[in-house]
Amino acid sequence: MTTNQVAIVTGASRGIGKEIALQLAKKGMKLSIIGSSEDITKTAEELKSSGFEDVLPFQVDVANEQQMNEVVAKTIAVFGTVDILVNNAGIGFFKLVEETTVEEWRKVFDVNVQGVFVGSKAVLPHMKEKRSGTIVTISSDVGRYTIANGSAYTATKYAVQGFSGSLAQEVRDFGIRVGTINPGMVDTYFNNSEQGVPEKQDWLQANDIAEAVVYMASAPKHMLVDQIVLHPLIQNYPIA
Ligand code: NJP
């Protein structure tokens with residue numbers, strides 16, 4: 001990864017995405033950061049007050065194709081290019097199938113799956129034209145194995161794995177790398193929880209995921225890091 005590269009990070013208002021934005025800024029990258037709430041402006045202000053001037057905030061919904069196309073167009077107009085897209089925005093809830101409503105099912109698919117499709121589709125023409133680019137999607141450990149009480153969320157992350165694998169093969173001849181990061185439990189605000197509470201002190205930290213993104217994006221051009229799987233040591237999960 002060289003300085004002066006340009007990244008778009010979705011879901012950067014808080015949690016993992018905010019830390020990814022900070023770590024990429026520290027590497028000298030110019031950033032467009034996306035969130036659906038006003039909090040995205042606060043994140044941009046925090047980054048700027050830490051000395052990272054090249055940050056554009058966008059309060060948009062990742063599932064909205066027109067809005068995401070506008071983000072990419074504005075990023076290219078201001079910063080000149082897009083080198084890296086981090087599809088991080090995501091939501092989750094954990095319920096029995098019969099307690100899950102169709103509205104909840106649609107919403108989680110809109111953000112977690114359509115958001116990844118729309119964001120990736122928006123950057124592809126530019127990346128194909130310049131014959132380089134990296135698309136990193138924050139998937140989940142439950143994109144690799146199933147859990148009870150999480151059917152909708154788990155289904156979205158399996159969908160994201162299928163999408164990313166297929167896209168990786170579609171664009172490798174254009175010098176574009178597509179990979180996923182599959183974390184276990186991470187201390188964030190996910191699923192309406194609190195970040196930094198004592199119960200989560202042994203979980204993965206947002207910075208652990210941000211460092212994996214930096215590794216994936218800064219790999220030598222001839223190398224594709226397909227997938228990074230990481231769990232907290234305390235998490236009991238099936239090891240393949
Ligand atoms: O969650 P949280 P994480 N359009 O709630 C944004 C995956 N993951 O950091 O919309 C645009 O702290 C929201 O901003 P705002 C997970 O599936 C996590 O943990 O302004 N942005 C906020 O910045 C997800 O893909 C764990 O409120 C939207 C961010 O998304 C990723 O990690 C485990 C949006 C969510 O921050 C980041 O989640 C795992 C929209 N429509 C995978 N909707 C874990 N934490 O344990 C939400 O395996 N956002």
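Could you please state how large a percent of the accessible area of the chain is carbon and sulfur, counting protein chains only and using a 1.4 Å probe?
Working: 5850 of 11660 Å².
Result for the chain: 50 percent of the exposed heavy-atom area is carbon or sulfur.
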So for the pair GLN235, PHE93, with labels modelled 7 Å out along Cα→Cβ, what separation do we get in nm? 2.2
Could you state the accessible area per residue of region 6-230 in Å², with a 1.4 Å probe and every protein chain left in place? 46
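So how do 218-225, 86-93 stack up, highest first, on mean other-Cβ count within 10 Å?
On the way: 218-225: 11.4, 86-93: 24.0.
Going by the mean number of other Cβ atoms within 10 Å, highest first, we get 86-93, 218-225.
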Could you give the nm distance between label points at GLU65 and ILE147, where each point is 7 Å from its Cα heading toward the beta carbon? 3.3
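Find how much the distance from GLU170 to ALA219 grows on full extension, using 0.36 nm per residue of separation minus their present alpha carbon separation; answer in nm with one decimal. Please report the intermediate quantities before stating the final value.
Working: separation 49, 0.36 × 49 = 17.64 nm, distance 1.98 nm.
Taking GLU170 through ALA219 to full extension adds about 15.7 nm, to one decimal.
Do you know the relative contact order of the chain, to the nearest whole percent, from alpha carbon pairs under 8 angstrom that are 6+ apart? Walk me through the numbers before you get to the answer.
Working: 467 pairs, mean separation 47.4, N = 240.
Worked out over the chain, it gives 20 percent.
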From the C-alpha gyration tensor of region 6-230, square roots of 5λ in Å: 25, 20, 17
Between GLU104 and SER193, what is the label-to-label distance in nm when each label sits 7 Å out along the Cα-to-Cβ direction? 1.7
Which angle from 0 to 90°, rounded to the nearest 10, does the C-alpha axis of helix 15-26 make with the longest principal axis of the chain? 30
Filter the cross-link list LYS121/LYS221; LYS48/LYS121; LYS42/LYS121; LYS26/LYS221; LYS107/LYS128 down to pairs whose alpha-carbon distance in this structure exceeds 23 Å. LYS48/LYS121; LYS42/LYS121; LYS107/LYS128
Mean 1/r over all different Cα pairs, inverted: what Kirkwood radius does region 23-63 give, in Å? 10.3
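The values are calculated or read from the model by the stated rules, or taken from the named source; none is laboratory data. Nothing here was measured: the structure is a model prediction, and the numbers come from that model. In this analysis, Cβ positions are derived from the backbone assuming ideal geometry, glycine residues included, and neighbour counts consider all displayed protein chains. These area figures cover heavy atoms from the full protein model, side chains too; ligands, DNA and RNA do not enter into them. Shrake-Rupley method; radii C 1.70, N 1.55, O 1.52, S 1.80 Å.
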